[in-house]
Amino acid sequence: MAKNNRYVEKFFFIILVFLSTIILFLFIRENSEVSKRKNKEEIEEKKNISNGKKAIIVVGGIGCSTLHYLGKTNEKYKHGECVFFRGNFDTWSILDLKNSAIKALSNYKLLSCNSKGEPVYKNVGILENYNDVDPYDIEISKYGFSSMFKNLILYLENKYGKNTDYKYDVFLFNYDWRLDNNYNGERLYKVLKEYDDGVIIIGYSMGNLITAKAAKMLYEENDIDRIKLFLSTFPVYNGATQAVYFLKKGKINNNYLFDIINKIYKLDIVLIYLTKNYPSMYQLMPNKEFSRRNKGFMIDSNNIKLNYRQAMNYMKKDKNLNQDLINKAIKFHEDLYVNDKHILNYIKNKYFFIGSGYDTSDTLKINRNNSKEISHHFFSDGDGTVNCKLSAYPPCECDSENITLFKSLHTDAYKNKDFLIELTDVIDLYVWQ
């Protein structure tokens, strides 16, 4: 009897194990199906999130876009107060203001900043009845001054924009290029955070410094990989002697045409007045890296080269310059380093397109006893504004194959067809659906 009971117990035990196995199998299968459905839903949700959540952003240089100043928000301007104007911020547009430097000054003073580097006037229009214009719809806001980025942006919109399978937002980042690039970098950073699926950034001239600042902020949040590709074009990472010359003389080069016009209209006075309190101009001055590569950027009347500290001391003695903005500019460049490495080192995919083929200032001759005496002294290869090896070459580790030189003037960069073809060829390799 006991033996039969053991058989019965074994039988029921086997049945129990068998049923438990079936139940476990069904449970796992159901969970697997639920998990698959959930994963599928998450994938579809991510696809939906990705649409419109990735971007190709062009960040222009100084004078390249409509000015946007984030002050009090209002209904008319999506991102706050705005200063804008049509035309070019150059010699000819100033001449259009008719007849005298006084009239030019009375109009362009609307673009001036106070000693703190803040705009004096906000929400104003220059050469424009701004009450009838949406600044986000005008040509400058879309493609930059003289529509310099138009061909590039239209190409990218047609190939990768919202109406394609790629669904990229493609746009020019408008910013107030008078202001501190810490501020402009923070604005760009906030824009980048809107694109969870990543961004491709095309920086031009000073726009590369703004991108570097935004990248530093992303790095501090362990989010720098949000930048999927950085195309750095005609950069000025290490500053340029032209910025110092402009601050002191109101012009970039020894230009005979400008000199002739200047005798009549005194344009240098207008431009010196305007830029004296522009933080961005001081951040374009040669920094420590420029001086390290060139063993300084100034030489005195006795042909003695000044090191970086001596050059900065000379600049700080000039009462016509804003001393606070000089100190802030020095700190701006220092803050772009992490563990003694420039933030560019931490961006994985980066390419540099640098202008060359033209004599470009690399050293200024000064008179230590007369701050008004300054001239371009030595020249080497560059794009006419930014020196190639000293100013534009990135302060980071980079494969030589990722650096391309183009014979082009700084201001003609985006008119160069070969450059645009190579630039878009690189973008084609990195876009994703």
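Things worth noting here:
- Considering (1) more than 20 Å from T66 (Cβ to Cβ); (2) touching a residue at least 40 places away in the same chain (Cβ under 8 Å); (3) polar (S, T, N, Q), the lone condition that N181 does not fulfil carries the number (1).
- Residue in region 206-219 that is on the phi > 0 side of the Ramachandran plot and at pLDDT 95 or above present: no
- Considering (1) closer than 27 Å to G117 by Cα; (2) part of a strand (DSSP E or B); (3) of a type in the set (A, V, I, L, M), the lone condition that A329 does not fulfil carries the number (2).
- Residues that are at pLDDT 90 or above, assigned to a helix (DSSP H, G or I) and not polar (S, T, N, Q) within region 143-181 comprise K150, L152, I153, L154, Y155, L156, E157, K159, Y160, listed in sequence order.
- Some residue of region 391-400 being touching a residue at least 60 places away in the same chain (Cβ under 8 Å), crowded, with 20+ Cβ neighbours inside 10 Å and part of a helix (DSSP H, G or I): yes
- Residues in region 283-306 that are over 30 Å from L218 (Cβ atoms) and either under 28 Å from the mean Cα position of the chain (by Cα) or not in a loop (DSSP other than H, G, I, E, B) (or both): 9 in all.
- Those residues of region 307-326 which are surrounded by fewer than 20 Cβ atoms within 10 Å (Cβ to Cβ), in contact with a Lys or Arg (Cβ under 8 Å, 6 or more places away or on another chain) and not in a loop (DSSP other than H, G, I, E, B), in sequence order: Y314, Q323, D324, I326
- Hey, S375 under 20 Å from N294 (Cα atoms) and crowded, with 21+ Cβ neighbours inside 10 Å or not: no
- S361 being in a strand (DSSP E or B) and either among the aliphatic types (A, V, I, L, M) or surrounded by 16 or more Cβ atoms within 10 Å (Cβ to Cβ) (or both): yes
The values are calculated or read from the model by the stated rules, or taken from the named source; none is laboratory data. In this text, all values refer to a predicted model and were calculated from it rather than measured experimentally. Backbone-built Cβ (ideal geometry, glycine too); neighbour counts: all protein chains shown.
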